[in-house]
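Here is the structure we will look at.
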Amino acid sequence: MQNQRILVTGGAGFIGSNLANHLAKENDVVALDDGYLGTEENLEDAVEYVEASVLEDDLPTDVDVVFHLAALSSYAMHEENPQQGARVNVEGFVNVVEQAIQDGCETVVYASTSSIYGNRTEPSPEDMPVHVNTGYEASKLAREKYAEYYSNFHDITCAGMRFFSVYQGYGGSEEHKGEYANVIAQFADDLANGDAPALYGDGTQTRDFTHVDDIVRGLELAAEERLDGIYNLGTGESYTFNTVVEMLNEELGTAIEPEYVENPIPEDVYVHDTMADITKMTEETGWEPQISFEEGIKEVCAQYQ
């Protein structure tokens, strides 16, 4: 993308700041964030920072493209305050898109989640039946339905991107997320500091770990191509938490065994396995992940070496 005015909500957060910094090289980018999960320190000088909530009026939506990434982005956050979770994730989405439409914006790309696929050890295509077990998942599915309405009723495209376990490591923009950072970042930091990483259950759960740089490329392509509908952003490969710890130990030169702890998340809502089917995104845009898991592990560990 070039010479566009762009709004990134949640723009000082992990994924949002990576996207905003990337796009600011050739575009006029505004990063809007309320500071809950984001920090202005993640942003480069070229990005205009606006501290505000997506629930407010008079947002800077007079733009060519809106990337709506702002969200309360975990099961725990929603269980702590379900009403606030719905307000931010659903009402906040509606508020931003309504203002964008009023300002003449015709392209919206927003964050959904792969969690609604449930437990899958095989690739999950976008058209498979989905269901929700948590308030977080319900809020993201509600976004998708509102986006469908906006796409059908207004002259606007809304591309919902179902992210699969996005990581970068504390050397990037994840550190401020603390306990909400991806497990790769948490495990690497534990091992590098001589601590045993805590794995829920027996560590056999799997994730399709996707590097944030590949997510950023996918988001940009979704806007450039004015995609409409739902798309997966993942790798099509999955690794167990046990394997992650083994690979991190090898890269860091450590030999620390993980600590296995009882899963605090109820078994009937815990997503044990994920894997993306990226066929749709690849066929429509040519996008494919470029960073292998081995490369990603090396990058995460580089700051400790």
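The values are calculated or read from the model by the stated rules, or taken from the named source; none is laboratory data. This one's a predicted model, so the numbers in the text were calculated from it and none came from an experiment. Virtual Cβ from ideal backbone geometry, glycine too; neighbours counted across all protein chains shown. Just the protein is used for accessible areas: all its heavy atoms, side chains included, with ligands, DNA and RNA removed. Shrake-Rupley method; radii C 1.70, N 1.55, O 1.52, S 1.80 Å.
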Check your understanding: Among P264, P289, which is the only one that is in a loop (DSSP other than H, G, I, E, B), touching a residue at least 40 places away in the same chain (Cβ under 8 Å) and open to solvent by 50 Å² or more (accessible area, probe 1.4 Å)?
Key -> P264
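When the residues of the range 233-261 are filtered to those that are outside any loop (DSSP other than H, G, I, E, B) and either at positive phi or in contact with a Ser or Thr (Cβ under 7 Å, 6 or more places away or on another chain) (or both), which remaining residue is least open to solvent (accessible area, probe 1.4 Å)? Can you show your working first?
Of the residues in the range 233-261, the ones outside any loop (DSSP other than H, G, I, E, B) are 233, 239-252, 259-261.
Keeping just the survivors that are either at positive phi or in contact with a Ser or Thr (Cβ under 7 Å, 6 or more places away or on another chain) (or both) gives 233, 239-240, 242.
Working: L233: 0, Y239: 47, T240: 37, N242: 35 Å².
Only one residue fits best here, namely L233.
Table: residues versus (1) in a loop (DSSP other than H, G, I, E, B); (2) without any contact (Cβ under 8 Å) to a residue 24 or more places away in the chain; (3) closer than 13 Å to K140 by Cβ; (4) over 19 Å from the mean Cα position of the chain (by Cα).
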site: Q83; (1), (2), (3), (4): no, yes, no, yes
site: V90; (1), (2), (3), (4): no, no, yes, no
site: I101; (1), (2), (3), (4): no, no, no, yes
site: S115; (1), (2), (3), (4): no, no, yes, no
Exercise for review: Among what's in the range 169-195 and is assigned to a helix (DSSP H, G or I) and in contact with a strand residue (DSSP E or B) (Cβ under 7 Å, 6 or more places away or on another chain), pick the residue that is nearest to T206 (Cα to Cα).
Suggested key: I184
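Which of the residues that make up the range 151-168 are assigned to a helix (DSSP H, G or I) and touching a Ser or Thr at 6+ places or on another chain (Cβ under 9 Å)? Don't jump to the end; show me each part of the working.
Initially, the range 151-168 is screened for residues assigned to a helix (DSSP H, G or I), giving 151-153.
Result: S151, single match.
Counting residues that are surrounded by 22 or more Cβ atoms within 10 Å (Cβ to Cβ) and of a type outside the set (S, T, Y), which strands (runs of 3 or more DSSP E) fully inside the range 1-69 reach at least 2?
Working: elements: 5-9, 28-33, 48-51, 65-68.
Because the criterion is at least 2 residues that are surrounded by 22 or more Cβ atoms within 10 Å (Cβ to Cβ) and of a type outside the set (S, T, Y), the strands (runs of 3 or more DSSP E) in the range 1-69 that meet it are 5-9, 28-33, 65-68.
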